[in-house]
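Trainee: Let me begin by handing over the structure; questions about it come next.
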Amino acid sequence: MNAEWLSDFRKIPDEVMNYLRRLAVRAVEDQHQSPELIAKIFGISRSCSYDWLRWYRAEGEAALDTRTAPGAEPVLTPALDR
């Protein structure tokens, strides 16, 4: 099994990352674990766990889903679209 994505959160598939965010938030909200402990267990920064909590509290579970990065739409010319 290639576990290279485990060492870099940017390589984790979106579905898995969405699930991890929900697990972390539920551990804090439902089981009253500290965000610091959850950050340590998940291998993320403390501020990241607080960000997830803030998003969840403001917008609900949908806020924990991976979003498309903002920016201009890619432009392909017919020559590049081959």
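Trainee: Based on Cβ point charges of +1 for Lys and Arg and -1 for Asp and Glu, what charge dipole magnitude is obtained for the range 25-70 about its Cα centre, in debye rounded to the nearest 20? List each step's numbers first, then the result.
Mentor: Working: 6 positive and 7 negative charges, 33 e Å.
The dipole magnitude comes to about 160 debye.
Trainee: Roughly how many debye, to the nearest 20, is the charge dipole of the chain about its Cα centre, given +1 on each Lys and Arg Cβ, -1 on each Asp and Glu Cβ, and no other charges? Could you put the intermediate results ahead of the total?
Mentor: Numbers: 11 positive and 13 negative charges, 43 e Å.
The calculated dipole for the chain is roughly 200 debye.
Trainee: Could you work out the helix-only [θ] at 222 nm for the chain, with each DSSP H run of four or more residues adding -39,500 (n - 2.57) and the total divided by the number of residues, to the nearest 500 deg cm²/dmol?
Mentor: Working: 3 runs with 38 residues, N = 82.
Per the formula, -14500 deg cm²/dmol.
Trainee: Another question, then. Relative contact order of the chain, please, whole-number percent, based on alpha carbon pairs below 8 angstrom and at least 6 residues apart. Please list the in-between numbers first.
Mentor: On the way: 43 pairs, mean separation 19.6, N = 82.
Over the chain, the number comes to 24 percent.
Trainee: In addition: Quick one: which residues, 5+ away or cross-chain, put their amide H under 5 Å from the amide H of Gln33? H built at 1.01 Å from N.
Mentor: Val28
Trainee: Another one. So how much slack lies between Thr66 and Lys11, counting 0.36 nm per residue of separation and subtracting their Cα-Cα distance, in nm?
Mentor: Details: separation 55, 0.36 × 55 = 19.80 nm, distance 1.25 nm.
Fully extending the segment from Thr66 to Lys11 adds 18.5 nm.
Trainee: How far, in nm, would the chain grow between Lys40 and Glu73 when pulled straight, counting 0.36 nm per residue and subtracting the alpha carbon separation?
Mentor: Values: separation 33, 0.36 × 33 = 11.88 nm, distance 3.68 nm.
Full-extension gain reported as 8.2 nm.
Trainee: Find out how many positive minus negative residues lie around Ala58, taking Lys and Arg as positive, Asp and Glu as negative, among other residues whose Cβ is under 15 Å from that of Ala58. Could you put the intermediate results ahead of the total?
Mentor: Working: positive: Arg21, Arg54, Arg57, Arg67; negative: Glu29, Asp51, Glu59, Glu61, Asp65.
Charge balance in the 15 Å sphere: -1.
No lab work stands behind these numbers, since they all come straight from the coordinates. None of these values were measured; they are calculated from a predicted model. With ideal geometry, Cβ positions are generated from the backbone for all residues, glycine too; neighbour counts draw on all protein chains shown.
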